Amino acid sequence: MKGMNQMHNENQSSEKFSPSEYKGEVSSEHGVASSYEYSGGVSVPNDYKGEAGAEMRADSLEVQEGSSEQFTSEQSNGVVPNIMPVPSHMRKTQESKRAHRRGLATVFLVFIIAALLFAPSPFVIEVPGPTANVYGRVSKDLKTRMISISGVRTYKDKGQLRLVTVSATGVPGYTVPTAAAIFAWFHPHMAVMPQEAVYSVDTTAEDYVKEGTQEMTGAQDVASKIGLQYAHKYLGVDVSKAKVKLNIDNVGGPSAGMIYTLGIITSLTATDEAGGKNIAGTGTIEKDGTIGAIGGIQLKMVGAQRDGASYFIAPESNCDEVVGHIPDGLKVYAVSTIDQAYKAVVAIGAGDMVGLKTCAVK
């Protein structure tokens, strides 16, 4: 037994190797590592060449096929790392897949952004709308006069009294894409506001048009009455048989009340009150003859100046919105009653505006 143990121990001893003494060759399915040398307990191939053409040395493992990755013997704990160099065609395939994924992600992102930009927004955009000379004719047929008065003599004026409007999108029946709302937000002559600030959420397109038409009709009725009353009371015109009919193209709201009233009054006098001047104006007309505030006055001033008006009559109650926003070349005068508005037209026509009130910072 002792002899067998001794033989066994000797066999064990003979199977041991010294890292500092062993030299040999190792073959690989990819190539041959020419002579392993073991020194200082570190086991690395002296010169390894694989199928991919990579080269491993004893002091480091360097993938040279277009790669700068290095694996030192210290990093691999003294043994050859169990990592084979990645063939170039595999690297190119991986890079191609990554590029493809990035491309798909970019396309998806662009699609999402486009969908958001063109989706309906909860905003209303207002821009300067068309203007019209109330002494003129309705544009839809060029036959019907905007102010038609029968039963009494009327007179033609050489000047212009321009009705001003605001065009709106984003109202019921006319949605606004988000991209348009963003653009309008930064445009100096556009206004953006929440839909609920303009109309109630449950308003339909039909309701919106109907409401605007009713407001315009109401304003025309009041303008007709106030115009005839003023012409009779202050200018001595016999209006007992006079009948007034006002016409307009697709314009809703009450803001044309004042300019219609001025058009009626000046049409009943032989005097050319406007004196050939291009005068624009806006404001509601109340049953007691007062002039009320309106919306969108900044845009209306822009529209008036665009269409050649040099003078603008505005409600005094809108002065806070007027100051600092008057377009170049436009002179604005503030009024609070139809009497003040008529006298402003006369003064402008005569070229004597010294006594007229202007808007000032409070």
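Bear in mind these aren't lab numbers, they're just calculated from the coordinates by the rules spelled out. Just so we're clear, the structure is a prediction, and the values are computed from it rather than from any experiment. In this analysis, Cβ positions are derived from the backbone assuming ideal geometry, glycine residues included, and neighbour counts consider all displayed protein chains.
Grab the alpha carbons of segment 93-149, take their convex hull, and tell me the volume per residue in Å³.
For segment 93-149, the hull spanned by Cα atoms encloses 145 Å³ per residue.
From the backbone phi of segment 305-322, what are the Karplus-calculated ³J(HN,Hα) couplings (6.51 cos²θ - 1.76 cosθ + 1.60, θ = phi - 60°) in whole Hz, Gly and Pro given as x?
Each residue's phi maps through the Karplus curve to give 5, 4, 9, x, 6, 9, 10, 9, 9, 10, x, 4, 5, 9, 4, 4, 8, 7 Hz.
Restricting attention to the alpha-carbon atoms of segment 182-227, what are Rg (one decimal) and Dmax (integer), both in Å?
15.4, 44
Between Lys158 and Ser317, what length in nm is gained on full extension when 0.36 nm per residue of separation is reduced by their alpha carbon distance?
54.3 nm
Over every pair of different alpha-carbon atoms in segment 236-355, take the mean of 1/r and invert it; report that Kirkwood radius in Å.
Answer for segment 236-355: a Kirkwood hydrodynamic radius of 14.9 Å.
Amide H of Ser121: which non-local residues (sequence gap of 5 or more, or other chain) have their own amide H closer than 5 Å, using H built in the peptide plane?
Val176, Thr178
Would you calculate the separation in nanometres between label points at Ala105 and Val354, each defined as 7 Å from the Cα along the Cα-to-beta-carbon direction?
Going from the Ala105 label point to the Val354 one covers 7.6 nm.
A 32 angstrom limit on the alpha carbon distance is what I want to check against. Which of Lys241/Lys357; Lys140/Lys277; Lys140/Lys225 exceed it?
Lys241/Lys357
Could you tell me what a quarter of the Cα convex hull surface of segment 82-217 works out to, in nm² with one decimal place?
The orientation-averaged projected area of the Cα hull of segment 82-217 comes to 17.3 nm².
How much length would be gained if the chain were fully extended between Leu117 and Ser96, taking 0.36 nm per residue of separation minus their Cα-Cα distance, in nm to one decimal?
Taking Leu117 through Ser96 to full extension adds about 4.4 nm, to one decimal.
Collect residues whose amide H, placed 1.01 Å from N in the peptide plane, falls under 5 Å from the amide H of Thr358; neighbours closer than 5 in sequence don't count.
When sequence neighbours closer than 5 places are left aside, the close amide H contacts are Ala334.
On each of the three principal axes of the Cα atoms of segment 204-249, give max minus min coordinate, whole Å, ordered largest first.
Principal extents (Cα only, largest first): 47, 15, 14 Å.
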